[in-house]
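Taking it in order: structure first as structure tokens, then the write-up.
The values are calculated or read from the model by the stated rules, or taken from the named source; none is laboratory data. Since the structure is predicted, the reported quantities are computational estimates derived from the model, not experimental observations. Every residue, glycine among them, receives a Cβ derived from its backbone with ideal geometry; neighbour counts consider all protein chains shown. Surface areas here come from the heavy atoms of the whole protein model, side chains and all, with no ligands, DNA or RNA. Shrake-Rupley method; radii C 1.70, N 1.55, O 1.52, S 1.80 Å.
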Amino acid sequence: QVQLVESGGGLVQAGGSLRLSCTASGRTASVYAMAWFRQGLGTEPEFAASVTWSAGRTAYVDSVKGRFTISRDNAKNTMYLQMNGLKPEDTAVYFCAARRNGDATFDAPSSYEYWGQGTQVTVSS
């Protein structure tokens with residue numbers, strides 16, 4: 001079992017920055033990759049970014065490329081999402097997720113077995 005806890009959300013003005021953190025505990029050695037999904041009002045979680053735990057390979061949805069940077073600190077079992085140039089359309093609950101299967105589709109919510117409770121990001125205009 002893997003437990004995930006997110007932090008770092010808040011209210012910012014358009015153009016501002018936030019850094020989200022996700023700390024994993026439990027059977028962390030079984031994790032192949034971690035990701036950030038975001039969920040707006042009345043929507044299902046949508047893929048934002050992911051990173052493989054060992055090699056550090058990253059992927060991003062097109063709408064955040066050049067603005068968001070995903071990273072991980074293996075020693076701290078922590079993943080980060082640095083968000084710059086925030087836009088009102090980035091407003092959502094951001095969820096941390098982890099998966100064990102390296103062959104699974106990287107941007108599909110169903111590929112991830114473990115989920116945090118989410119942290120709210122609100123961007124005002």
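Step by step: find N for the chain, compute 2.2 N^0.38 Å, then divide the Cα radius of gyration by it. What's the final number?
Relative to the 2.2 N^0.38 Å estimate, the chain comes out at 0.98.
Name the long-range amide H neighbours of residue 91: under 5 Å, sequence gap of 5 or more, or other chain; modelled H, no Pro or chain starts.
When sequence neighbours closer than 5 places are left aside, the close amide H contacts are 123.
Keeping all protein chains in place and using 1.4 angstrom, which order do 36, 115, 53 fall into by accessible surface area, from largest down?
The ranking, largest first, comes out as 115, 53, 36.
What shape does the stretch 82-125 take by its C-alpha gyration tensor, where a ≥ b ≥ c are the square roots of the eigenvalues and a/c under 1.5 counts as rounded, a/b above b/c as prolate, and the rest as oblate?
In terms of gyration-tensor shape, prolate.
What part of the accessible area of the chain, given as a whole %, is carbon or sulfur when the probe is 1.4 angstrom?
Percent of accessible area from carbon and sulfur atoms in the chain: 47.
Using only alpha carbon pairs under 8 Å that are at least six residues apart, calculate the relative contact order of the chain and give it in whole percent.
35 percent
For the stretch 1-104, build the charge dipole from Cβ charges (+1 Lys, Arg; -1 Asp, Glu) around the Cα centre, then report which of 93, 14, 28 sits farthest towards its positive end.
So the residue furthest toward the plus end is 28.
Applying the Karplus parametrisation 6.51 cos²θ - 1.76 cosθ + 1.60 with θ = phi - 60° to the phi angles of the stretch 13-24, what ³J(HN,Hα) value in whole Hz is obtained for each residue in order, glycine and proline being reported as x?
Rounded to whole hertz, the list is 7, 3, x, x, 10, 9, 10, 8, 10, 9, 9, 9.
Just the accessible area per residue of the chain, please: how many Å² with a 1.4 Å probe?
In whole numbers, the chain has 51 Å² accessible per residue.
So, R0 is 30 Å and r is the distance between the beta-carbons of residue 101 and residue 73; what FRET efficiency does that work out to, to 0.05?
Efficiency, from the Cβ-Cβ distance: 0.85.
Residue by residue, what Karplus-based ³J(HN,Hα) values in Hz, rounded to whole numbers, does the stretch 2-9 have, using 6.51, -1.76 and 1.60 with θ = phi - 60° and x for Gly and Pro?
Once θ is set to phi - 60°, the couplings for the stretch 2-9 become 10, 10, 10, 10, 9, 7, x, x Hz.
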